[in-house]
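Let me begin by presenting the structure, written as structure tokens, before commenting on it.
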Amino acid sequence: QHVVLILIMATKTEEISQKILSALDSNKETIHSYTFAQETGEDHQLVIGAIKSLQCLGNVIQLEQNQFEKWELTEEGAEIVDKGSHEARVFNAVDAEKGSLQADLMKLPNAKIGFSKAMSAGWLGVDKNAEGGTRVLRKVPSVVDLVQQTLKGLSEKGVDGIAEEQLKDFKKRKLITNVVIKYYDVRKGPEFSVQLCKLETDLTPEMVQSGSWETKRFKPYNFDALGVPVVCGHLHPLMKVRTEIRQIFLEMGFTEMPTNNFIESSFWNFDALFQPQQHPARDCHDTFFISDPMCTLHLPEDYMKLVKRVHENGGDTGSIGYQYDWKEEEARKNLLRTHTTAVSARMLYKLGQEKEFRPVKYFSIDRVFRNEALDATHLAEFHQIEGVVADRNITLGDLMGMLHGFFSKMGIKKLRFKPAYNPYTEPSMEVFSYHEGLKKWVEIGNSGVFRPELLLPMNLPKDVSVIAWGLSLERPTMIKYGIDNIRDLVGHKVDFEMVYSNPICRL
Amino acid sequence: FVSYSQVRRKFATMPTIAVERDHLMQSIGKDFTDQEFDELCFEFGIELDEVTSEKKMLAKEQGEDKAKGASETVIYKIEVPANRYDLLCAEGLVRTLKVFLGRMEAPHYVVTKSKTPQIVHVKPATKDVRRFVVAGILRNVTFSQSNYKSFIELQEKLHQTIGRRRAIVSMGTHDLDTIEGPFTYDAQPPSQIKFKPLKQHTELSGPEIMDLYSQDSHLRQYVPIIQDKPLYPVIYDRNGVVLSLPPIINGNHSQITLNTKNVFIEVTATDLNKANIVLNSLVTSFSEYCEEPYYVECVEILEVDGSSHICPELNYRHETVQLSEINMRIGIGESAESVAALLTRMCLKSSVTEEGRAIKVEVPPTRPDIIHCCDIIEDAAIAYGFNKIKMTFPNTTTIAKQLAINKLSDQLRNGICAAGFTEVFTFALCSRDDIANKLRGNIDDIPAVHIGNPKSTEFQVVRTTLLPGLLKTIASNKNRPLPLKLFEISDVVLKTSDKAVGATNRRHLGAVFYGKTPCFEVIHSLLHRIMQLLQIPFNRNGAGYVIKSADRPAFFPGRCGEVYVDGRLIGNVGVLHPDVLSAFELNMAVSALEICVETFV
């Protein structure tokens, strides 16, 4: 439909263009576009369109833009020309013999103003004591609707002969309005030709083969148009950021951990990480526990014994432990993992079982689950980004340097560290970066050195330190793409417009 | 490791204490601007969360009108680490910061024993309800409005944090001059217990007390801790006066006032270590108001088995840490003297030993968070200043490796996206209906993992298929220009006996086409394209992939195929059943594909 309309318009434009050229050719020096439109009965905008298309041809015509003011009828004014003035309509509605009830008359459109005008003109009178309510009676047998006549004249012949006072009154009554008409004065240009040269839109194979393109003239392109939208697939914004962060870890020599196990035992999620069994995190208000399959059947027996001891009294780790009775059934409870650190624990345990220690650098970016209140920035599931380095004699300074290396790859240069508390790391540090926009330090991640109570039962050598850090994937993504509500980013309610127009992720 | 501000976790949120600014500065003996104090907090590892006043807080909670006339005294709200019970009141915080700033030495707490010590007899019946009790006495205390308030608030904080809302530990404080030892810790049938609870005018029985407080906005949360037990724990004095009914309420008789001089503190618990931590926190924080500051009178506990012990013990533990260990773990090169000075500023009185090779550290009873040398090393690092430590980069050389399934997933994602499909990202948790009824299946036949404590139906199961997420995404975008071509590669979870936990993740690939007609050929050709990317030929007989006609409830009869690779079933493809469409509020046809990609790794 759109295309057909454009074609009709194009034909029409060509027709008018031809008329203009012919008029100029027949010794008419200047064409006034507005007058031309009135004379030929064409729409002024179409005439202007034709003039502009002629202008595109080069120096065929010369243009000069001008303007003039003009009185035009408003919608109300046009209605009066059509149906009579408000006062005349009220007068005509009054029964010539018996008069009419005022209440009925007032139901007419614009009756209030019409009635008062008719009264002051002395056309109507009122009988307030009439039976059934106030009656309006005609005082003259007939009237001449001067307002209608004058407006009609104005619309047909212009303002000539209409008194200044009258115009003012019409303007005040919002029956007429002053408009500015922009028009063109058109003259012949140096390359004037009455013959309209047809412009080619596209370079065709025939033109290329025959060489006819050399003599053709081509329609100029509109470079302001945005072109036809590209039909293509799109990757999800969160996944794009995930890819970039994954890339950072790979560039830094980190190996990806197998985090494809959402269901975890409390043992690996908490106990192996030296998180006591009475820790609030293990409360059902915070963690999703699994009712089916409810328990983990197999746990490494020997290791579990060491973990029990370290919780109860520190075992051989030099710790005094948490001084409570550790219960195996509590450790067997299945849950949706609350952090990917559960997988880090499994990986470090595995490392400890190898014949000889070897340094490792591990990372993961995957889903974790929390059974807590939801709001604009919190969902029950989100992604945790985690990095872990295990080697002999790693220092707190090394952790800071590692964090600096990691975050500068994300474009975050200015870091500061704050002592923090975390059940499985000591020392623990919150990572802050200076936010240029907010002009303050904001927390961007959490980090620490794993406690010996966690590493020694895994059979890792005493001089091995393990540093680790974590952050969420959603939050930096929301900040990067300026998204306020997390549901606009992830889940089924996401708006595709956001996905379609989302740029590539450059950190 | 997910930082607090990014993801709020109730349990990880640090406790917050409110302290009057002027009082705090005066006690520390130094004036700080808000910013300077904020810096100090950052350095020490606590957080100046909010600068406010009673008026501002009231205005925020109840509106400007209610706040009229309220105090405008500036209040600092300070977050402290969850394991630092010594920082849960202004007294402890001031003491710790003063020592940190070198403005005082850490006090040494002394346990005194009276010639005729107070005794608590423990009765056997308490064993099954709340088995531990400890107690202590503060003599000749001078209470003021402000330290009295602080004393009450500290008890509340301890109840909430280490006490786990009184379930593990609860405490009662009593005017010792109104009661007479020896005391008895017993457990009795509820109906036999009768006393006047705090601020009540009549005597009530155990069950009546439970009824009363199950209506109380503050106390009702604690009622379930003992309500249904056959016996309730109770503490009596020698004359049968009830001191308290732990963990619910104290007796009115022995309540402390501003004029109380001698305070008897009893702590009952299900965990002895935690009971001792609580008792120590209370007596160490408030013994500074005793006539003889930092002196605490002990109480003798006579256990069921006839043994006895005194409490609080206020033990000072000694740890020796090698200097090289401290320097190595932090990455600094300080002298033994310097490290000892750093630790002393953290309330860990330290001295040099082993000819300068080691530090002898005295761990005071105020620091139950120190359970290993690494805790001492952290304190040395804090006192040194985290941000003064030189950043270094570990020499760890490793070769990166991607997880094979993730690498393959990414390659497939790019390939499918290039084929004109748009990636969606949907939730792993959903309702039982989403994976069963809505797909015309029966939940009992589906090996789904069920969540035991979901807060809403959205979190009943872990998804076993990607289809519901894809269909819900279409439903919320059905006004977009059609057709919609969507895909997702993500994990589903199935119950299995192969894994120790009894469940396993499976990487699935799902794709849907939504338009005026099902256009099955589009999804069909996507499947072919995926197989092309994986170099798997179409082969009706033998190695390769093949689609066999099948009948699956979610699909339109006769328009469903099973996808086999090398004879192994990996998923389905077809046009969805109209009942499935209406269940997901869709009004046009959908063709869909879902396969497991694990086999291609």
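The values are calculated or read from the model by the stated rules, or taken from the named source; none is laboratory data. The structure displayed is predicted, hence computed values, not measured ones. No Cβ is skipped: glycine too gets one built from the backbone with ideal geometry, and neighbour counts run over all protein chains shown. Each accessible area value is taken on the protein alone, full model and side chains, heavy atoms only, with ligands, DNA and RNA left out. Shrake-Rupley method; radii C 1.70, N 1.55, O 1.52, S 1.80 Å.
General observations
- Every test in (1) in a strand (DSSP E or B); (2) closer than 27 Å to B:Pro124 by Cα is passed by B:Asn273 save one, and that test is (1).
- Of the residues making up segment A:306-322, at least one is within 7 Å of another protein chain (Cβ to nearest Cβ), free of Cβ contacts under 8 Å to residues at least 60 places away in the same chain and aliphatic (A, V, I, L, M).
- For segment A:388-432, filtering for residues that are at the interface with chain B (Cβ under 7 Å from one of its Cβ atoms) and hydroxyl-bearing (Ser, Thr, Tyr) leaves 2.
- Taking segment A:61-140 as the region of interest, the strands (runs of 3 or more DSSP E) fully inside it that hold 2 or more residues being surrounded by 15 or more Cβ atoms within 10 Å (Cβ to Cβ) and within 60 Å of the chain's Cα centre (by Cα) are A:61-73.
- Scanning segment B:495-521 for residues that are within 12 Å of chain A (Cβ to nearest Cβ), open to solvent by 40 Å² or more (accessible area, probe 1.4 Å) and in contact (Cβ under 8 Å) with a residue 60 or more places away in the chain turns up just one, B:Arg506.
- Qualifying residue in segment B:523-542 (condition: modelled with pLDDT of 95 or more, in a strand (DSSP E or B) and crowded, with 17+ Cβ neighbours inside 10 Å): no
- Check on B:Lys548, within 12 Å of another protein chain (Cβ to nearest Cβ) and either among the small types (Gly, Ala, Ser) or in a strand (DSSP E or B) (or both): no
- For B:Phe386, the conditions (1) touching a residue at least 60 places away in the same chain (Cβ under 8 Å); (2) within 32 Å of the chain's Cα centre (by Cα); (3) facing chain A (nearest Cβ under 7 Å); (4) open to solvent by 10 Å² or more (accessible area, probe 1.4 Å) are fulfilled apart from (4).
- Flag if A:Glu497 is in a helix (DSSP H, G or I) and within 21 Å of A:Thr377 (Cα to Cα): yes
- Scoring B:Pro483 on the criteria (1) within 12 Å of another protein chain (Cβ to nearest Cβ); (2) modelled with pLDDT under 95; (3) touching a Leu at 6+ places or on another chain (Cβ under 9 Å) leaves a single failure, condition (3).
- Flag for B:Ser456 being more than 8 Å from every other protein chain (Cβ to nearest Cβ) and either surrounded by 14 or more Cβ atoms within 10 Å (Cβ to Cβ) or free of Cβ contacts under 8 Å to residues at least 40 places away in the same chain (or both): yes
- Contacts under 6 angstrom Cβ, first residue in segment A:360-387 being more than 7 Å from chain B (Cβ to nearest Cβ) and within 29 Å of A:Leu250 (Cβ to Cβ), partner in a strand (DSSP E or B) and hydroxyl-bearing (Ser, Thr, Tyr), 6 or more apart: A:Tyr362/A:Thr255
- Any chance A:Val231 is open to solvent by 60 Å² or more (accessible area, probe 1.4 Å), facing another protein chain (nearest Cβ under 9 Å) and at pLDDT below 90: yes
- Any chance B:Leu258 is open to solvent by 50 Å² or more (accessible area, probe 1.4 Å), more than 23 Å from B:Pro182 (Cα to Cα) and hydrophobic (A, V, I, L, M, F, W, C): yes
- Matching helices (runs of 4 or more DSSP H) fully within segment A:266-350 where at least 2 residues are open to solvent by 10 Å² or more (accessible area, probe 1.4 Å) and more than 21 Å from B:Asn453 (Cα to Cα): A:301-313
- Condition broken by B:Val263, with the remaining ones in (1) touching a His at 6+ places or on another chain (Cβ under 9 Å); (2) aliphatic (A, V, I, L, M); (3) at pLDDT below 95 satisfied: (3)
- Total residues in segment B:419-446 satisfying the condition of being within 27 Å of B:Leu482 (Cα to Cα), more than 7 Å from every other protein chain (Cβ to nearest Cβ) and surrounded by 19 or more Cβ atoms within 10 Å (Cβ to Cβ): the figure is 5.
- Failed criterion for B:Ile248 (all others in (1) at positive phi; (2) in contact (Cβ under 8 Å) with a residue 24 or more places away in the chain hold): (1)
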